[in-house]
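The structure under discussion appears below in the form of structure tokens.
The values are calculated or read from the model by the stated rules, or taken from the named source; none is laboratory data. In this text, all values refer to a predicted model and were calculated from it rather than measured experimentally. Quick reminder, even Gly has a Cβ in these numbers, built from the backbone with ideal geometry, and neighbours come from all protein chains shown.
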Amino acid sequence: MVFLQHTQQRKPFKKHHTEQLKLVSSFDWVNLDALVDTGTLIRETLADDRAREFVGSDRIEAIAAAAEKRTHVLRELAIAQQPSGLMSDAEGDAGRDTPKEEALHHVETARYR
């Protein structure tokens, strides 16, 4: 059995959320409808009196907005990856980005605005 020394770090994922999503080959297993109210759920949970003493309203809003943005990105990529949205090379799509690549590019450029 091999043990890692605590000085060795293993990082199986990318640094950014959108880079991690590029590693996913299929989003078929994700129930996108279950993610619709993510921001509302986070706001309601963190607005509870027991949580509010540790998390201010500005921070609650920032967390909820970040989660909503990530679920939006996930939804865009999942929709772009659906077979009905893809054209084959024979249909004149050669050399163009796939819908997944186009969605990732859109997300990356929006992140820096």
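For the stretch 25-39, which positions are free of Cβ contacts under 8 Å to residues at least 24 places away in the same chain and either touching a His at 6+ places or on another chain (Cβ under 7 Å) or not in a loop (DSSP other than H, G, I, E, B) (or both)?
Within the stretch 25-39, ASP33, ALA34 meet the criteria.
If the requirement is being at pLDDT below 90 and under 19 Å from HIS17 (Cα atoms), which of these qualifies: GLU53, GLU102, GLU91?
So the residue among GLU53, GLU102, GLU91 that is at pLDDT below 90 and under 19 Å from HIS17 (Cα atoms) is GLU102.
Every residue in the stretch 23-35 that is of a type outside the set (Phe, Trp, Tyr) and surrounded by 13 or more Cβ atoms within 10 Å (Cβ to Cβ), please.
Answer for the stretch 23-35, where residues must be of a type outside the set (Phe, Trp, Tyr) and surrounded by 13 or more Cβ atoms within 10 Å (Cβ to Cβ): VAL24, VAL30, LEU35.
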